[in-house]
Each structure stands twice: as structure tokens, then as C-alpha cells.
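One structure, as C-alpha cells, below. Some questions next.
The values are calculated or read from the model by the stated rules, or taken from the named source; none is laboratory data. Remember, predicted model here, so these are calculated numbers, not experimental data. Positions of Cβ are backbone-derived with ideal geometry, glycine not excepted, and every protein chain shown enters the neighbour counts. Please note that ligands, DNA and RNA were not included when accessible areas were found on the heavy atoms of the full protein model with its side chains. Shrake-Rupley method; radii C 1.70, N 1.55, O 1.52, S 1.80 Å.
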Amino acid sequence: MAHLLTHTLVTVTLWITGFLVLLNLVCAILFRRRRPLEILFYVAAAVLELAIFVLAFLFYLGVLTHLPYHLPPGLPFDLAEIGAAVAVGIGLFPVSFWHRTSASRLRARIAKDTQDMQQRQGTVRVRSSTPGEWMN
């Protein structure tokens, strides 16, 4: 049972890390005109994610039979769970760091949206009855 769980978790980690490598590379390309430090964060995260991906892939193929880091016995989690959590954290950090919104800005946006909905009474207005105008 534990082997099946680890195998499933490694498979999920492969998909997650593959996606996050691509996400960070796409962000580095799309935001290449921003500060060089931001681009460096995206590239560094992509390289770390790629390393985790390769390690998980080698484990998945059976090339690596065990990982060199040993946990104390009796813990309710194993290295695969730690690896998956670290992979998600590393992969999402640059995007969440550079595109964060402060709580005060978020509250202001919600208040503005609430005000707009109250002024329009929360309805959707269609300007004309011809479908071509609103279907484009």
C-alpha cells in the first residue's frame, strides 16, 4: 500500500514539476522586459523544478531505488510527500512573489466591485437584441 502511494505521488510530482518548469519558463519569456532579478527568479525556479523533475523521473524509472536522505522512523509522512510539497512551493514562489496583491488593494477591488454591482443592481445589460453585437 505504501509503495503504491509513493508511486502515485511520484507520478503526480512528475506532472506538477513538468507544469511548473513550463510555467516559470513562460513567465520568464513573457516578462522578459521587466527587472533582471525577476527573470532570474523564474529561471532559477525552472532549473530547480527541472532538477526535482529529473530526480523524480529517475526514481519513477527505477534507476534510483532510494533517496540518500533518511528520515527518522515513525513519521506520518515520507520523502515523496516532502518532495511534492517542496516542488510546489519552489515552482509557485516566483509567480506569487512578483505578481502578489496586497490585502489593502484586494479589499479596495472587492469594495469597488461591490459598489459597481449595487449601482447596476447586479444585472447584466444587453445593449441590443441582435446576437452579432454581443457574441463577438
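Roll a 1.4 angstrom probe over the protein heavy atoms and tell me the percent of accessible area of the range 31-117 that is carbon or sulfur.
Working: 4480 of 6380 Å².
The value for the range 31-117 is 70 percent carbon and sulfur by accessible area.
Moving on. Quick one: length gained pulling T11 to W98 fully straight, 0.36 nm per residue minus the C-alpha distance? Mind showing how you got there, number by number?
Values: separation 87, 0.36 × 87 = 31.32 nm, distance 2.89 nm.
Here the segment from T11 to W98 would lengthen by 28.4 nm.
Oh, and also: Could I have the simple spin-label model distance between F77 and A108, label points 7 Å from Cα toward Cβ, reported in nm to one decimal?
Here the modelled spin labels are 3.7 nm apart.
At a Förster radius of 41 Å, what calculated FRET efficiency corresponds to the Cβ-Cβ distance of F57 and R34, to the nearest 0.05? Before the final figure, lay out the partial values.
Details: r = 31 Å, r/R0 = 0.77.
So, using R0 = 41 Å, E works out to roughly 0.85.
Can you give me the Kirkwood hydrodynamic radius for the range 73-113, using every pair of distinct Cα atoms, in Å to one decimal? Intermediate results must be reported in sequence, preceding the final value.
Values: mean 1/r = 0.0767 Å⁻¹.
Its Kirkwood hydrodynamic radius stands at 13.0 Å.
Can you figure out the FRET efficiency of D116 with H70, using R₀ = 41 Å and their beta-carbon distance, to the nearest 0.05? If you can, show how the numbers build up before the last one.
On the way: r = 57 Å, r/R0 = 1.39.
Efficiency for this residue pair is about 0.10.
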